[in-house]
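Reviewing the structure listed below.
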Amino acid sequence: MAMLHIVNKSPFEKVAFESCLGHASAGDSIIMIEDAAVGAIDGSAFSETLKAAMADKSVYVLAGDLAARGISQDRMIDGITAVDYAGFVDLTADNDTTQSWL
Amino acid sequence: MSTKKFMFVNRKAPYGTVYALESLEVVLIAAAFDQDISLAFIDDGVYQITKGQDTTGIGQKNFSNAYKALGDYDISKLYVEKESLAERGLTQDDLMDLVWEDEDDDWAEKPSIIMVDRAEMTAVMAEQEVTLSF
C-alpha cells in the first residue's frame with residue numbers, strides 16, 4: 001500500500017523529517033508543508049539525506065509554503081515537485097493512506 | 001461495523017506536551033469500537049513507557065499506569081523501536097513490564113511489548129489502514 005507522508009517541521013530544528021525518511025517504504029510519497037518546505041533547498045546540510053531517500057520515493061513541496069519562506073523553485077533539489085493545494089489533495093487521494101510526522 | 005488496522009504513532013516524551021496523554025485517550029476510544037490496534041513508540045515516544053515515572057515534583061498526574069491497563073482493552077501490540085531506545089541510552093529493562101491475558105490460552109499473561117528494528121517498524125507501518133500521529 002502506498003502511503004503519503006506529510007511533514008511540517010524544519011529538518012534543521014526537529015528530527016521528525018529524518019524519522020519520516022527512516023520509516024517510509026519504497027514507493028511512498030513525501031510532501032513538505034509549512035516549516036518542512038525549507039528542506040527542499042539544494043546545497044543544505046540536509047539535502048544529501050533527502051536525495052538519498054528520493055532514490056525510491058517521490059518528494060513534493062507545497063509551493064505556497066516554499067514561496068512564503070523566500071525560496072524560489074529553481075533552488076529546489078532536482079526531482080522535487082512543487083504542488084499547490086489542489087495538488088496536495090490529489091496526492092492524498094492517489095495514496096492508500098497518509099501519515100503525519102508532527 | 002468493519003474492523004480496520006489502526007496504528008498510533010507516539011514520538012514525543014510525556015508531560016512536556018499533551019500529545020502522549022491525548023494519544024492514550026484516542027487509543028482507548030478506538031479500542032471501545034473493537035478496532036485492530038497497534039501502538040508504535042519511536043524517537044522520544046519511548047519515554048512514555050519507561051518504568052519508575054514519578055511526577056510528584058512537577059504537579060502533573062502520572063498517567064503511566066494507564067499503559068498497564070491497555071491489555072484489558074485487548075490492546076496487545078506495542079511496537080518499540082530498538083534504535084530509538086539505544087539512541088537515548090535506554091534498553092528494554094528501562095521499560096514497564098506490559099502484558100495482556102490471552103483468553104485463547106487459559107488467560108496466560110503474555111508480553112505486549114514487541115521490540116523491532118527500524119526496518120521492521122517500517123514494514124508494520126506499511127500494513128496499517130489508518131495511522132494517527134501524536
### Task
Could you tell me whether segment B:10-27 includes any residue that is part of a helix (DSSP H, G or I), away from chain A (no Cβ under 12 Å), out of contact with any Pro (no Cβ under 8 Å at 6 or more places or on another chain) and among the β-branched types (Val, Ile, Thr)?
yes
### Query
closer than 23 Å to residue B:9 by Cα, hydrophobic (A, V, I, L, M, F, W, C), within 14 Å of chain B (Cβ to nearest Cβ) and in contact (Cβ under 8 Å) with a residue 60 or more places away in the chain: does that describe residue A:6?
yes
### Task
State yes or no: is residue B:86 within 14 Å of chain A (Cβ to nearest Cβ) and of a type in the set (Gly, Ala, Ser)?
yes
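Rundown of residues vs (1) in contact with a helix residue (DSSP H, G or I) (Cβ under 6 Å, 6 or more places away or on another chain); (2) away from chain B (no Cβ under 13 Å), yes/no style:
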{"position": "A:61", "(1), (2)": "yes, yes"}
{"position": "A:67", "(1), (2)": "no, yes"}
{"position": "A:85", "(1), (2)": "no, yes"}
{"position": "A:101", "(1), (2)": "yes, no"}
### Query
What single numbered condition from (1) loosely packed, with under 13 Cβ neighbours inside 10 Å; (2) within 14 Å of chain B (Cβ to nearest Cβ); (3) under 14 Å from the mean Cα position of the chain (by Cα) fails to hold for residue A:96?
(3)
### Task
Hey, could you check segment B:28-55 for residues that are assigned to a loop (DSSP other than H, G, I, E, B) and acidic (Asp, Glu) and say which is nearest to the other protein chains (Cβ to nearest Cβ)?
B:34
#### Entry: Residue count, segment A:16-32 (criterion: out of contact with any Ser or Thr (no Cβ under 6 Å at 6 or more places or on another chain), crowded, with 20+ Cβ neighbours inside 10 Å and either in a strand (DSSP E or B) or not aromatic (Phe, Trp, Tyr) (or both))
9
### Task
Can you give me the number of residues within segment B:1-31 that are aliphatic (A, V, I, L, M) and buried (at least 18 other Cβ atoms within 10 Å of the Cβ)?
6
### Query
From the list B:20, B:32, which one is out of contact with any Gly (no Cβ under 7 Å at 6 or more places or on another chain) and closer than 22 Å to residue B:92 by Cα?
B:20
#### Entry: Within segment B:77-134, considering residues that are more than 20 Å from residue A:99 (Cα to Cα) and of a type in the set (S, T, N, Q), the one surrounded by the most Cβ atoms within 10 Å (Cβ to Cβ)
B:112
### Task
Output the number of the condition that residue B:97 fails; it satisfies all remaining conditions of (1) more than 14 Å from chain A (Cβ to nearest Cβ); (2) in a strand (DSSP E or B).
(2)
### Query
Could you give every pair whose Cβ atoms fall below 8 Å, whose first residue belongs to segment B:72-93 and is more than 24 Å from residue B:107 (Cα to Cα), and whose second residue is among the hydroxyl-bearing types (Ser, Thr, Tyr) and part of a loop (DSSP other than H, G, I, E, B), counting only separations of at least 6 or pairs across chains?
B:85/B:91
## Note on the structure
Counting only residues in segment B:60-82 that are outside any helix (DSSP H, G or I), of a type outside the set (Lys, Arg) and in contact with a strand residue (DSSP E or B) (Cβ under 7 Å, 6 or more places away or on another chain), the one farthest from residue B:26 (Cα to Cα) is identified as B:81
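Coordinate-derived values only; no laboratory data. Since we're looking at a predicted model, the values are computed, not measured. Neighbour counts run over all protein chains shown; Cβ positions are idealised from the backbone, glycine included.
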